[in-house]
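Student: One structure follows; several queries about it will come next.
The values are calculated or read from the model by the stated rules, or taken from the named source; none is laboratory data. Treat the numbers as computed from the prediction; the structure is a model and nothing was measured. We place every Cβ from the backbone using ideal geometry, glycine too, and count neighbours over all the protein chains shown. Protein only, heavy atoms only, side chains kept; ligands, DNA and RNA dropped before computing areas. Shrake-Rupley method; radii C 1.70, N 1.55, O 1.52, S 1.80 Å.
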Amino acid sequence: MKKKVLATLTVLALAAGLAAAFTSPPDALQGDFVRILYIHVPSAWLAFLAFGVTAAGSIGWLFTHRMGWDRTAEASAETGVLFTAVALATGMIWGKPVWGTYWDWGDARLATTALMFFVYLGYLALRRTTSDPYRQARRSSVLGAVAVVQVPLVYFSVKLWRTLHQGLTIRPDGIQMDGAMVTALLVNLGAFTLLYLTLMSFRTELARLEEAVCESEISVQSRVTVPQLGEVEA
C-alpha cells in the first residue's frame, strides 16, 4: 500500500513539475530551449544522490555484511545509472541548438560524466559475474565505496577546467537564475526525488525476492545427495 501511495504522489509531482516547466519564462538568450534544464539538472542531481547512497550501502556492507545494505547499494546504482543516462541524453539534446554540437570530448563536464556513467555500468556488470548474492556484495562493495569520488569531480569540473559547459548556476554566493525559473527547478527536483524513492522502493523489494529465490535454490541443491553404487543397482 505504501508503494502505491508513493507512486501516486510521484505521478502527481511529475505532472506538477511538467506544468511548472512549461509555464516558467523563457531564457533571454536560449529561449524555450532552456526548458530542458528542468529535466537535465534534476536528473544529474539525483544521479549524484544515488551514487552517494550506493557508496553508503557498500560501506555498510563492508562493516556489517548485512545484505540489506548491499540491496540498497545495488538498487541505488541502477537508479543512478538511469538518471545519468537521462542527464547525458538531455544534455546532448540541449547542446545541439545552444552549442552547435551534440557532444564535445574536450568539455570537462561531459567527459567526466561519461566516465562516471561507464564506471557504474562496470559496477553493475561486476555484480552479474556471479549469481551468489554474498559474492556479488563482496566483489562490488569496494568499487561502490570508491567510485563515489567521481561525484565531486563531475560537479566541480566546470570550476576546475574552463571548457564549453557553463559554470555553476546555483552557488553559495547566490543563484544566477530568475525566481520563477528557480521555483520550477525546485518543483522538478522534488518530483525527481520522489521518482528516485519510488524506483528504490520497488527495486530493493525485487532484490530481496531475488535473494530469497537464490537462497532457496542453494538450499535445495545442498539437500540433493549423490546416490551410492549399491543404491543404483538396487
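Student: Given (1) in a helix (DSSP H, G or I); (2) open to solvent by 30 Å² or more (accessible area, probe 1.4 Å), where does G80 come up short, assuming only one miss?
Tutor: With (1) in a helix (DSSP H, G or I); (2) open to solvent by 30 Å² or more (accessible area, probe 1.4 Å) applied to G80, the lone miss is (2).
To keep it simple, each residue is scored yes or no on (1) over 15 Å from V158 (Cβ atoms); (2) acidic (D, E); (3) touching a helix residue (DSSP H, G or I) at 6+ places or on another chain (Cβ under 9 Å).
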position: V81; (1), (2), (3): yes, no, yes
position: G91; (1), (2), (3): no, no, yes
position: W99; (1), (2), (3): no, no, no
position: Y102; (1), (2), (3): yes, no, yes
position: T112; (1), (2), (3): no, no, yes
position: M116; (1), (2), (3): no, no, yes
position: V119; (1), (2), (3): yes, no, yes
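Student: For the range 1-40, enumerate the residues that are of a type in the set (S, T, Y) and open to solvent by 70 Å² or more (accessible area, probe 1.4 Å).
Tutor: T8, T23
Student: May I pose another question? Against the condition in contact (Cβ under 8 Å) with a residue 40 or more places away in the chain, in a helix (DSSP H, G or I) and within 26 Å of H165 (Cα to Cα), how does A47 come out, does it pass?
Tutor: Answer is yes for this residue.
Student: Checking A89 against (1) touching a residue at least 24 places away in the same chain (Cβ under 8 Å); (2) farther than 19 Å from A147 by Cα; (3) under 18 Å from the mean Cα position of the chain (by Cα), which test does it fail?
Tutor: With respect to (1) touching a residue at least 24 places away in the same chain (Cβ under 8 Å); (2) farther than 19 Å from A147 by Cα; (3) under 18 Å from the mean Cα position of the chain (by Cα), A89 is out only on (1).
Student: Under 9 Å between Cβ atoms, which residue pairs at least 6 apart in sequence (or on different chains) link something in the range 126-138 that is within 21 Å of G60 (Cα to Cα) with a partner that is β-branched (V, I, T)?
Tutor: Close Cβ pairs (under 9 Å, with a partner that is β-branched (V, I, T)) amount to D132/I218; R135/T129; Q136/T129; Q136/T130.
Student: Out of the residues in the range 33-73 that are in contact with a helix residue (DSSP H, G or I) (Cβ under 6 Å, 6 or more places away or on another chain) and charged (D, E, K, R), which is farthest from Q136 (Cα to Cα)?
Tutor: R35
Student: Find the residue count for the range 25-73, including only residues that are of a type in the set (D, E) and over 17 Å from the mean Cα position of the chain (by Cα).
Tutor: So the answer is 2.
Student: Which condition number in (1) open to solvent by 10 Å² or more (accessible area, probe 1.4 Å); (2) touching a Ser or Thr at 6+ places or on another chain (Cβ under 7 Å) is the one that A75 fails?
Tutor: So the condition that A75 fails would be (1).
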